[in-house]
């Protein structure tokens, strides 16, 4: 998660290369005068060279009320970003991994209180941690991606190599006592889905989620669609957009491997609201933060471990199962790869906002906070605070409560 940066409020004339689709809105649902303000925010992102392209979709109580895009999905060809343009959604993938585990529990094919070792015998600490702890990121599994995956963040790695590296690392903490955002939790949970269901990870998701919900534009980065956006990075707004190696599917396959569109993400959000995929009990479990405020995240600058994400800020955890709940009115998760950023947010007043941009690193694109800014235009009576504020100093340790 990137540090919060100041947002440029003034919107100048669009650059000549900026292309954007006509917004789609429902006059009965979009507050008067708000469309133009949201349009300006969307168009400002490529105009100010914050990102090459952006797509935004908004729904209210499951009904799409706004769609808009700006900029380019491919800089070299100047192909415009469209609302139908798919791109990698990074860690939003975790929402589908968590849903897969909860679906299997609904089908009585597993329990989230099972030990990991019941399904994954290759991991030496599998008998010490539960699937629930992994879903909540309190398993104690190391977050040291380079030590686990080596140079394979962008290159192939075999499952045998991954386990050999992972098994060299001790658990960071006693399971259930600290929250550390760890991609390996969800990579292993994806393996649990395969072994409990007897299907490949993507086949299970297609059968149980994507096909029933009509998410026809959702796929994987190892089988990218022809119209997928090209990804870029830069360090500062206005600098040239350049490309680089992307995360390899062997690293991100169950934690950040999916490709999708804002339209498909809204279908997913609507299905959650309507309980089409997960039942009431599963949703309650998915949206429950462990420990009742008594489990701290590991502070980002803790020198004992190379904790890499600012969500690990030393405060009580706000991480449920693939959703962050920073306040009573917001559920969200971002997606960040080496070349793309995205966010999917549910707000307590019924608004859902999905956003993608084909950029990564220091250029000023903050989809999480842009979604909050848009929400606050939609409903100024429920003002949501920015989502990426980082605590600079560790808080006092809270009482330790274990999550079994």
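The values are calculated or read from the model by the stated rules, or taken from the named source; none is laboratory data. In this text the structure is predicted, and so the values were computed from the model without any measurement. Methodologically, a virtual Cβ is constructed for each residue, glycine included, from the backbone with ideal geometry; neighbour enumeration extends over all protein chains shown.
Assorted remarks:
- Residue list for the stretch 326-352, restricted to those being touching a residue at least 24 places away in the same chain (Cβ under 8 Å) and in a loop (DSSP other than H, G, I, E, B): 329, 337, 338, 339, 340, 348, 349, 350
- One residue from 59, 19, 6, 91 being touching a strand residue (DSSP E or B) at 6+ places or on another chain (Cβ under 9 Å) and modelled with pLDDT under 85: 19
- All positions within the stretch 158-193 that are part of a helix (DSSP H, G or I), farther than 23 Å from residue 96 by Cβ and touching a residue at least 40 places away in the same chain (Cβ under 8 Å): 163
- Leading residue by the ranking (modelled with the highest pLDDT) among those in the stretch 22-56 that are surrounded by fewer than 16 Cβ atoms within 10 Å (Cβ to Cβ) and in a loop (DSSP other than H, G, I, E, B): 33
- Some residue of the stretch 221-229 being under 17 Å from the mean Cα position of the chain (by Cα) and outside any helix (DSSP H, G or I): yes
- Scope the stretch 30-75; condition at positive phi and in contact (Cβ under 8 Å) with a residue 12 or more places away in the chain; matching residues: 49, 61, 62, 71
- Looking only at residues of the stretch 200-213 that are without any contact (Cβ under 8 Å) to a residue 24 or more places away in the chain and surrounded by fewer than 16 Cβ atoms within 10 Å (Cβ to Cβ), we find that the one that is farthest from residue 272 (Cα to Cα) is 200.
- Filtered residues of the stretch 221-236 (kept if surrounded by fewer than 21 Cβ atoms within 10 Å (Cβ to Cβ) and touching a helix residue (DSSP H, G or I) at 6+ places or on another chain (Cβ under 8 Å)): 222
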